[in-house]
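The values are calculated or read from the model by the stated rules, or taken from the named source; none is laboratory data. Since this is a predicted model, take the numbers as computed values, not measurements. Methodologically, a virtual Cβ is constructed for each residue, glycine included, from the backbone with ideal geometry; neighbour enumeration extends over all protein chains shown. Surface accessibility is based on the protein's heavy atoms, side chains included, excluding ligands, DNA and RNA. Shrake-Rupley method; radii C 1.70, N 1.55, O 1.52, S 1.80 Å.
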Amino acid sequence: MNFFTRTLRLCAAALALAACTQPALAWWNEDWTVRTRVTLDTTAAGLPLQAPVNGAPLALRLHSGNFDFVAAKDDGADLRVLAGDDKMPLRFRIEKYDPANELALIWVQLPALAAGSADNRVFVYAGNAKAAAEPPWTGGGAGELASFPLAARNGADLSGALAAQAPVTLERNALLGAGARLAGEAVVWPAGAATQVAAGGPLTWSLWARPEAAAGVLLQQGPLTLGWRAGKLEARVGNRSITAGELPTGAWGHVALVFDQGQATLYVNGVPGSPGSLPLPALAGPLSAGVGFDGVIDQIEIASVARSADWLKLAVDTQGIATRLVKSQKQDPASAAAAEGGGGGQTGYMRILVDNLTLDAWIVIAILAVMFVIAAWVMVSKTLLVTRTDRANRNFLVRFREAKDDLLTVAGDSDPALKASTLQRLYLSGVRELNKRDEAIKGSGLSGASIDAIKAAVDADMVRESHHLNARIVLLTIAISGGPFLGLLGTVVGVMIVFAAIAAAGDVNVNAIAPGVAAALLATVAGLAVAIPALFGYNWLAARIKNITSDMQIFADEFIARVAELYGKP
């Protein structure tokens, strides 16, 4: 085997290995027609993590900007979630699915989330009318003992507790689906194996709260209390306590208490307070939430492990109002293939914008398209008209100025080279007036009054010719002034719709806002695309028509002067 043959075989093997190690397939299953590509950016540009996070539940919000609710089934039964390799199914459950308002919240179990990577991916597939719903994921994050998201799971049903306790009402639109509105009296869950914790072991309590005042107890089990004392958020066991930063009132905030090897740390919105020595007692009694607390609570979680700072940071970012970690985009097979092949480019961006256009924007753009067609027709027809007119006028002027003694024989209206000439039509108007005064011309000549009458007739025809030249030019001025305003109207209404949807979803991250706002701006772009060519065309045509009008005025004066010279009384 020579060197050349060995080299070819090595290259072939390298190409085969590269083909086998591609990060993702173009499309998982052709029976599903649409998908959402979710990128989890753990670099400094997104949500920086210091270490990998394994088994974390991801709260993924779907809306019209990142998910095709029209293609999906009305109950979300065709949803499937796959890992970044586009092969491995991930467990998930639907917390909220509202196709009418195009809003959904699903929980996805992430197998692993690498730190410092902008290429962590999850794919949410939909668009298969024949698909049956999969059994929902009933677990939680790694090490979770119990979770109370106001839906039956792990035997804990907060909604059932609410029905039996009058002071508590169900808040349908809390942070993550439904929540519990408390008014000073607690919700109590009986003691059970799901909430038992051995003394000294690791433990994490976490929940979301929207307090109306900095007072009351968030969670309490046996001697362990998490709440406020003298306006400060603290965790207390007996006479020992630790504190953390302020939890603002009137806004959602995340509180977490972590016990690890005799030390306890209290986190507020992912920011840790100073750790302190706080021994964890055995916890086996009932769990209560909201003693003396006025506000709304949501998503209470208890874990038998000490959650890391990165885990809590991820929970705050993905479950809260805004996210830096998650970036999502709607795709179909064509756009997905282009993105995977690196060929998306500007075409892919324009497809995103078009896919997110609202009905009002489509209506405005359709009106602007009609205006553009009309403006283009006016500009083309008027350009042809003034070009023919200008050429014919020059030809006529040559003949007129060559005539010496008889103006009545300059040209006839049958000459095709002069058919478009406005000067010839003015000339013919003057000739008709001269023919009416033929006897006066043969006699003593035209009087001053007759010459003035001829001039008035020529001037009248000159005004008519000017009207003909300027006909429909007003349509260009309408396009110039009305196009941008129509486009702005479409943009403003589109942005209003986007923000109304965001307000209803409680999700204000940039991925929810950007596609809709960018698409709404297309209406303004369309308005400018109509106005700018119309502006240039109008100015050019106005200048050409002004020159032709000036030539007519000069010719009228020159013609009347020749008439007075040749046919006036001596």
*Which ones in the range 74-84 are more than 16 Å from P135 (Cα to Cα) and out of contact with any Leu (no Cβ under 8 Å at 6 or more places or on another chain)?*
D74, G84
*Please enumerate the residues belonging to the range 216-248 that are assigned to a loop (DSSP other than H, G, I, E, B) and modelled with pLDDT of 90 or more.*
G216, P223
*Filter the range 108-119 for residues that are at pLDDT below 90 and either crowded, with 18+ Cβ neighbours inside 10 Å or of a type in the set (K, R) (or both) and give the result.*
Q109, L110, L113
*Here are some conditions: (1) open to solvent by 10 Å² or more (accessible area, probe 1.4 Å); (2) closer than 25 Å to A115 by Cβ. L60 meets all but one. Which one does it not meet?*
(1)
*Can you tell me which residue within the range 175-184, out of those that are assigned to a loop (DSSP other than H, G, I, E, B) and modelled with pLDDT of 80 or more, is most open to solvent (accessible area, probe 1.4 Å)?*
G184
*asked:* Going by what's in this entry, would L257 be described as aliphatic (A, V, I, L, M), touching a residue at least 40 places away in the same chain (Cβ under 8 Å), under 15 Å from S206 (Cα atoms) and part of a strand (DSSP E or B)?
replied: yes
*From T39, T43, T138, residue being out of contact with any strand residue (DSSP E or B) (no Cβ under 6 Å at 6 or more places or on another chain), surrounded by fewer than 20 Cβ atoms within 10 Å (Cβ to Cβ) and of a type in the set (V, I, T)*: T43
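Here are some residues: R172, R229, R210. Which one is within 41 Å of the chain's Cα centre (by Cα) and open to solvent by 60 Å² or more (accessible area, probe 1.4 Å)?
Testing whether each residue is within 41 Å of the chain's Cα centre (by Cα) and open to solvent by 60 Å² or more (accessible area, probe 1.4 Å) leaves just R172.
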*Failed criterion for K87 (all others in (1) assigned to a loop (DSSP other than H, G, I, E, B); (2) modelled with pLDDT of 90 or more; (3) among the basic types (K, R) hold)*: (2)
*For S274, are the conditions met, namely being in contact with an Asp or Glu (Cβ under 6 Å, 6 or more places away or on another chain) and over 24 Å from L175 (Cα atoms)?*
no
*Answer with yes or no whether S147 is open to solvent by less than 40 Å² (accessible area, probe 1.4 Å) and at pLDDT below 75.*
yes
*If you take the residues of the range 260-277 that are touching a helix residue (DSSP H, G or I) at 6+ places or on another chain (Cβ under 6 Å) and either free of Cβ contacts under 8 Å to residues at least 40 places away in the same chain or assigned to a loop (DSSP other than H, G, I, E, B) (or both), which of them is surrounded by the most Cβ atoms within 10 Å (Cβ to Cβ)?*
N269
*asked:* Need the failing condition index for G292 against (1) part of a loop (DSSP other than H, G, I, E, B); (2) farther than 21 Å from E246 by Cβ, just the number.
replied: (2)
*Which residues, taken from the range 190-207, are assigned to a strand (DSSP E or B) and either among the aliphatic types (A, V, I, L, M) or surrounded by fewer than 16 Cβ atoms within 10 Å (Cβ to Cβ) (or both)?*
V197, L203, L207
*State which residue is farthest from A361 (Cα to Cα) when the search covers only the range 522-536 and only residues that are open to solvent by 30 Å² or more (accessible area, probe 1.4 Å), free of Cβ contacts under 8 Å to residues at least 60 places away in the same chain and not aromatic (F, W, Y).*
L535
*asked:* Just checking, does the range 71-84 include any residue being open to solvent by less than 80 Å² (accessible area, probe 1.4 Å), part of a loop (DSSP other than H, G, I, E, B) and at pLDDT below 90?
replied: yes
*In the range 307-342, the residues that are among the aliphatic types (A, V, I, L, M), at pLDDT below 90, touching a Phe, Trp or Tyr at 6+ places or on another chain (Cβ under 9 Å) and open to solvent by 20 Å² or more (accessible area, probe 1.4 Å)*: I321, A337
*asked:* Residues to consider are E185, E234, E246; find the one that is among the charged types (D, E, K, R), farther than 30 Å from I94 by Cβ and within 41 Å of the chain's Cα centre (by Cα).
replied: E246
*In the range 440-473, the residues that are in contact (Cβ under 8 Å) with a residue 40 or more places away in the chain, in a loop (DSSP other than H, G, I, E, B), open to solvent by 30 Å² or more (accessible area, probe 1.4 Å) and over 30 Å from P533 (Cβ atoms)*: S444, S447
